[in-house]
Amino acid sequence: MKSRRSFIKKLGLSVAALPLAGSMVKAATLESNADENDQGGINQPIVISTWPFGKIANQAGWDILSKGGTALDAVESTARFVEADLSQKSVGLGALPDRDGFVTLDACIMDEKGNCGSVMFLENILHPISVARLVMEKTPHIQLVGEGAQQFALNNGHTKHDAPTESSKKSWEDWKKKNNYEPQHGLDNHDTIGVVALDKNGNLSGACTTSGLAYKMHGRVGDSPIIGAGLFVDNEVGAATATGTGEEVIRICGTHLVVELMRQGYSPANACKEACNRIIKKSPKYNKDMIIGFLALNKKGEYGAYSTKKGFQYGVYDNSGSVLKDAAFIEKE
Ligand code: ASP
């Protein structure tokens, strides 16, 4: 797709002169907005997700999008795929527990109309993202927490499952021996599946689900279930999701900032870069052991990502296939 765009640019052809499909015509107008870290993405539909597990899970979203399904169904399905994998240590019931041994889960979802739902500090439920969707669709509220969220899930067809898994419990027991009951932000004790998609009707939706930080304080909630922090969608502009140290994302209302920057004309990658820079420059608590990444998709189908530090990867599934990409980053090693 990139070569097609440079071809258009090089020849200086007017858009009207080219026999392009609707989405391609739209893409040709994006040239002035593009950044070297924005990756193609002029296809519609498209689903993009955080981390290598997101690349694998994108298949579930693509199966829906490619048959003409909605972005909302696609993001929920992608998120559920990772939640169902009990070998994942940072999402769903297979995840590492908090410092007291409890697996507590956070998730949120948002559609193209601005509807949204969220669950936080939810225990023993396999699919927090689907409970978040139920909150969105069946209640007058946006956020349900803890026991109330669990009761709501049970009342709506979800069942209780055991957690932590034997392997996560063993990791926690090892952690207790070596650590001083201190919650820590590191490079290897977290990760969220954040997913945003654009469907064939041009509608955007997003979903985000995580167990948060391993060995966090009991009751801690990060950015992931907070609309405007871990996830934000504005169907006129774009959608963004975040991963990494949630406290830093909350402090700057990270994904809301990314979407607002795109509204002002920033490309997805540049919007994500600016959000990372805000954290690095302004946070009283940021340190170089933290990684914070943003992933964004605009209404026209361009996407991009940036992280504070090397290591953030994301998966893209569009008409050209499924790929894993390295996000650009700010801090040099
Ligand atoms: N953002 C998540 C949290 O702070 C964790 C992560 O994505 O790494 O709970």
Exercise. How big is the chain in terms of Cα radius of gyration and Dmax, in angstroms?
Worked result: 19.3, 69
Exercise. Given the protein chains as shown and a 1.4 Å probe, how many square angstrom of Arg263 are accessible, to the nearest 10?
Worked result: 100 Å²
Problem set entry | Filtered trypsin sites (Lys or Arg not before Pro), region 271-315: DSSP coil and at most 15 other beta carbons within 10 Å | Lys285, Lys288, Lys310
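Can you give me the accessible area per residue for the chain, using a 1.4 Å probe, in Å²?
Numbers: 13730 Å² over 333 residues.
On a per-residue basis, the chain sits at 41 Å².
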Seminar exercise, completed: For Lys67, the lysines lying under 18 Å Cα to Cα, once residues fewer than eight places off in the same chain are dropped, come out as Lys200
For this session: Kindly provide the chymotrypsin sites (Phe, Trp or Tyr not before Pro) of region 165-238 that DSSP labels as loop, not H, G, I, E or B, and whose Cβ sees at most 11 other Cβ atoms within 10 Å.
Result: Tyr181
Exercise. Just Leu257, Leu96, Leu154 to compare: in a GNM of the chain, with alpha carbon springs under 10 Å, which one fluctuates most?
Worked result: Leu154
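Quantify, in whole percent, the carbon and sulfur part of the accessible surface of region 116-236 (1.4 Å probe; protein heavy atoms only).
Numbers: 2500 of 5300 Å².
Within region 116-236, the accessible surface is 47 percent carbon and sulfur.
Relative contact order of region 225-272: what whole-number percent is it, with Cα pairs under 8 angstrom and at least 6 residues apart? Write down the numbers at each step before the final one.
Numbers: 65 pairs, mean separation 17.4, N = 48.
Relative CO of region 225-272 lands at 36 percent.
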Exercise. What angle, in degrees between 0 and 90 and rounded to the nearest 10, separates the Cα long axis of helix 146-155 from the longest principal axis of the Cα atoms of the chain?
Worked result: 80 degrees
Problem set entry | HN-Hα J in Hz across region 313-323 - Karplus 6.51, -1.76, 1.60, θ = phi - 60°, x for Gly and Pro | 10, 8, x, 10, 10, 9, 4, 8, x, 10, 9
For this session: Check each of the GluC sites (Glu not before Pro) in region 196-305 and keep only those in coil by DSSP with at most 16 other C-beta atoms within 10 angstrom; list them in order.
Result: Glu236
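The values are calculated or read from the model by the stated rules, or taken from the named source; none is laboratory data. As the structure is a prediction and not an experimental result, all values here were calculated from the model. Glycine also receives a Cβ, built like all others from the backbone with ideal geometry; neighbour counts cover every protein chain displayed. Ligands, DNA and RNA are stripped out before the accessible areas are found, and what is left, the full protein with its side chains, is counted by its heavy atoms. Shrake-Rupley method; radii C 1.70, N 1.55, O 1.52, S 1.80 Å.
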